[in-house]
1. Charges at C-beta only: +1 for Lys and Arg, -1 for Asp and Glu. How large is the resulting dipole of the chain about its Cα centre, in Debye rounded to 20?
2. Pick from GLY234, GLY98, GLY269: which residue has the top mean-square fluctuation in a GNM of the chain where Cα pairs under 10 Å get a spring?
3. Roughly how far apart, in whole Å, are the Cα centres of region 52-113 and region 176-213?
4. Under the classification rounded if a/c is under 1.5, otherwise prolate if a/b is larger than b/c and oblate if not, where does region 174-300 fall, given a ≥ b ≥ c as square roots of the Cα gyration tensor eigenvalues?
5. With springs only between Cα atoms under 10 Å, which of THR240, THR231, THR271 fluctuates most in a Gaussian network model of the chain?
6. Neighbour counts of other C-beta atoms within 10 Å: give me SER194, SER220, SER74, SER297 arranged from fewest to most.
7. Between ASP133 and THR60, what length in nm is gained on full extension when 0.36 nm per residue of separation is reduced by their alpha carbon distance?
8. Can you tell me the equivalent ellipsoid semi-axes for the chain? Use √(5λ) from the Cα gyration tensor, largest first, whole Å.
Amino acid sequence: MVVMMRFMVAILLSGFCSILGCKGPASSDSGQEVTPPILSSLVFEEISAGDHHVCGRSLTGEVYCWGVNDDGQSVNPSGMYISLASGADHSCAVDEQGFAYCWGGDWSGQASPFGSEYRAVAAGNWHSCALRDSGEVRCWGDDSRDQVSAPSDLILQSLSAGYWHNCGIDAQGALVCWGDNGAGQANAPEGVFSEVCAGLAHSCGLTESGTVQCWGDNGSGQSEAPEGIFTALGCGQEHTCAVAEEGSIQCWGDNGADQSEPPVGSFVGVTGGQLHSCAIREDGHVQCWGSNEDSQSTPP
């Protein structure tokens, strides 16, 4: 799930672990290496987590990625970008001219975009989608579960890609989902929504009033949204996190690698990967938690 923030002040901090006494890497109950949350030295406006990697967009538009790089998904592209998204093993971004650019795994064509005049991008397992300036949706890559076959005449204001399904919000605030629906993850509820995220086989939406609704697979409790008012949310593979009204983060669902144990602090956005999570603090620095076996929880 992609997260964004708006701010004008960047505060560079140093010596975070020496001040707070961070301990070295530990192991979770699942045997995954986990790391106490580390504060990034860079300031980000947008971040997006893939399976084992994360990409972030700085205030000036540069993209930085970290974590596993077996397929080139964490190679930092040159240029300036206005939107980015991390898929399972690939990454995509939209540059200042409106062209989509992808890198990493491309065995199903998920990193081979086409067209132009884009303003936002979303990346799933083996597919990707982008929103044109007009709100039209264009998708490419694996279409084995109709995840690339967007409904005709669809106009959206935002979009999120799950593993084999997608969900978006239209101009009236209604949800539209398509693709794999084996667990009901594409059975979007009615209502007016401001944000949506898609995971492995579940989806969650932030209503206009600030409450969270989730649907689809709930085998790990990832669709059991807590009560309260929230301002942002992010779906991981089998867990979900959201930013509460006062800035704290609440997570629910799978916690085998402590990916649902967020740090204390005030945040403006959050994203979830396979077994890790990351969030943007109010000052623009990023903290990640959960599995760190590929350094996906160690932001630059």
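1. 480 debye
2. So, out of GLY234, GLY98, GLY269, the one fluctuating most is GLY98.
3. Centre-to-centre distance over Cα atoms comes out at 24 Å.
4. oblate
5. Result: THR231 has the largest fluctuation of those listed.
6. By the 10 Å Cβ count, ascending, the order reads SER194, SER220, SER74, SER297.
7. Gain on extension, ASP133 to THR60, equals 24.2 nm.
8. 27, 21, 18
Since every read-out is calculated from the coordinates, none of them should be taken as a lab result. Nothing here was measured: the structure is a model prediction, and the numbers come from that model. Glycine also receives a Cβ, built like all others from the backbone with ideal geometry; neighbour counts cover every protein chain displayed.
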